[in-house]
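Right, one structure below, let's go through it.
The values are calculated or read from the model by the stated rules, or taken from the named source; none is laboratory data. In this text the structure is predicted, and so the values were computed from the model without any measurement. Here the Cβ is made from the backbone with ideal geometry for all residues, glycine too, and neighbour counts use every protein chain on show.
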Amino acid sequence: MVKNEHYVPRFYLSKFATNNKIYAYDLENNNFFHTNINKIGCNNYFYDIDSDSLKESLKEYKEIYNITDEVFEKECEDIQFIEKALSRLEDKFSVLLAKFETDHSIINDEEFLRTLFLFLHAQSIRTKGFRDRLENIANQTKEWLQKLNIKNIDYPIDLEAKDIAKLNQIKELLSLSKVYRKALSFFDVYDIYIGINNTDTDFIISDNPMSYFFAGFNDICFPVNPKLAIIMQVKDAKDEFKICSIKPDENKQIFLTKKEVIKYNVLQQYSNSKYLLGSEKAIKDYILYMNFFSIINIIRNGSGNIE
């Protein structure tokens with residue numbers, strides 16, 4: 001049984017680490033530290049779920065795929081069903097992503113794009129940051145229902161907010177109908193490009209790296225490694241509503257400037273994340289840039305004193 005379940009996969013963290021060591025910046029406590037990729041982006045038994053709740057979340061699969069009662073009951077006995085399903089997706093995508101790093105042409109391959117979508121969709125939902133938002137919503141909902149003394153409602157008011165959040169996160173993660181609708185929107189709405197970073201500034205990631213994918217932003221960057229990314233842009237979005245307005249070449253490659261890399265890094269910080277992750281130089285350079293921009297804004301706005 002797996003105890004330490006990663007909501008940011010280790011294979012992905014390893015692309016921004018050296019010898020499985022990654023540098024982290026704690027945004028809440030303003031603290032820097034090195035850590036092993038086995039010890040970050042994870043929580044104990046994060047996805048484990050009881051059989052009845054799993055049955056409820058998987059019932060549409062049973063109906064659509066005509067799964068027998070016997071097989072369905074057996075599958076739902078496994079409290080680590082979610083962890084194992086995500087691990088299978090990670091195993092498949094890690095192989096394809098490694099190939100993409102050396103052969104960018106597979107950006108046109110249907111299998112690669114399907115697996116890319118499934119991975120990004122799952123990654124945008126599976127994190128602690130996503131669950132924390134759901135827990136905040138659950139707390140507010142419970143308080144509102146209790147103040148109004150509303151009891152006869154289909155809402156698990158007797159459960160703790162953290163348990164409601166976990167159940168809702170897993171339902172979102174497993175919903176076939178939502179995956180289907182998101183897939184239709186994704187492949188119809190976005191152009192997909194290769195982001196080449198030849199600058200002296202590396203991409204960094206966070207422990208909630210794809211929240212903007214879930215939100216459906218006009219311009220989304222999936223850092224593959226410190227020097228390579230997959231960029232998804234809404235087809236009819238105007239340049240002023242994109243982070244990067246550089247046009248791709250005939251091979252769908254966008255050669256990013258330092259400004260675009262920094263802006264994509266900023267999104268990682270403001271994604272309801274707790275940690276920024278990467279090399280020590282990349283993280284410290286990023287914080288230096290942010291401090292510099294803060295000083296410039298103070299000067300421009302005429303507020304504060306610069307001595």
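In the stretch 1-27, which residues are surrounded by fewer than 13 Cβ atoms within 10 Å (Cβ to Cβ), modelled with pLDDT under 95 and within 19 Å of the chain's Cα centre (by Cα)?
Once the filter is applied, which keeps residues that are surrounded by fewer than 13 Cβ atoms within 10 Å (Cβ to Cβ), modelled with pLDDT under 95 and within 19 Å of the chain's Cα centre (by Cα), the stretch 1-27 yields only N4.
Which numbered condition trips up S57, out of (1) over 20 Å from R88 (Cα atoms); (2) crowded, with 18+ Cβ neighbours inside 10 Å; (3) modelled with pLDDT under 95; (4) not aliphatic (A, V, I, L, M)?
(1)
Quick check on my filter: what residues within the stretch 56-93 are in a helix (DSSP H, G or I), of a type in the set (D, E, K, R) and farther than 19 Å from S175 by Cβ?
Hits for the stretch 56-93 are D69, E70, E73, K74, E90, D91, K92.
Going through the stretch 187-197 one residue at a time, which ones are among the hydrophobic types (A, V, I, L, M, F, W, C) and in a helix (DSSP H, G or I)?
Quick first cut of the stretch 187-197, residues among the hydrophobic types (A, V, I, L, M, F, W, C) only: 187, 189, 192, 194, 196.
Selection gives F187, V189.
Could you tell me whether the stretch 248-256 includes any residue that is in contact (Cβ under 8 Å) with a residue 24 or more places away in the chain, of a type in the set (V, I, T) and closer than 30 Å to C42 by Cβ?
The answer is no; no qualifying residue exists.
Quick check on E110: is it over 20 Å from M232 (Cα atoms) and not hydrophobic (A, V, I, L, M, F, W, C)?
no
Write out, first by first residue and then by second, each pair whose Cβ atoms fall under 7 Å of each other, whose residues are 6+ apart or on separate chains, and whose first residue, in the stretch 63-88, is closer than 16 Å to D48 by Cα while the second is part of a helix (DSSP H, G or I) and of a type in the set (S, T, N, Q).
Qualifying pairs under 7 Å: C76/S51; E77/S51.
Show the residue pairs that are 6+ apart or on different chains and have beta-carbon atoms under 6 Å apart, the first residue being within the stretch 94-109 and touching a residue at least 24 places away in the same chain (Cβ under 8 Å), the second being of a type in the set (V, I, T) and in a helix (DSSP H, G or I).
Partner pairs satisfying both residue conditions: F100/I106.
Exactly one of these conditions fails for I64: (1) at pLDDT below 95; (2) on the phi > 0 side of the Ramachandran plot. Give me its number.
Among (1) at pLDDT below 95; (2) on the phi > 0 side of the Ramachandran plot, the lone unmet condition for I64 is (2).
Mind counting the residues in the stretch 117-172 that are in a helix (DSSP H, G or I), within 29 Å of A85 (Cβ to Cβ) and of a type outside the set (V, I, T)?
Summing the residues that are in a helix (DSSP H, G or I), within 29 Å of A85 (Cβ to Cβ) and of a type outside the set (V, I, T) in the stretch 117-172 gives 29.
Yes/no per residue for (1) free of Cβ contacts under 8 Å to residues at least 24 places away in the same chain; (2) farther than 24 Å from R114 by Cα:
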site	(1), (2)
S177	no, no
F187	no, no
C221	no, no
N225	no, no
I230	no, no
K238	yes, yes
L276	no, yes
I283	no, yes
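Please find, among N43, N29, N38, the residue that is out of contact with any Cys (no Cβ under 6 Å at 6 or more places or on another chain), more than 18 Å from I170 (Cβ to Cβ) and either touching a residue at least 40 places away in the same chain (Cβ under 8 Å) or not in a loop (DSSP other than H, G, I, E, B) (or both).
The conditions single out N38.
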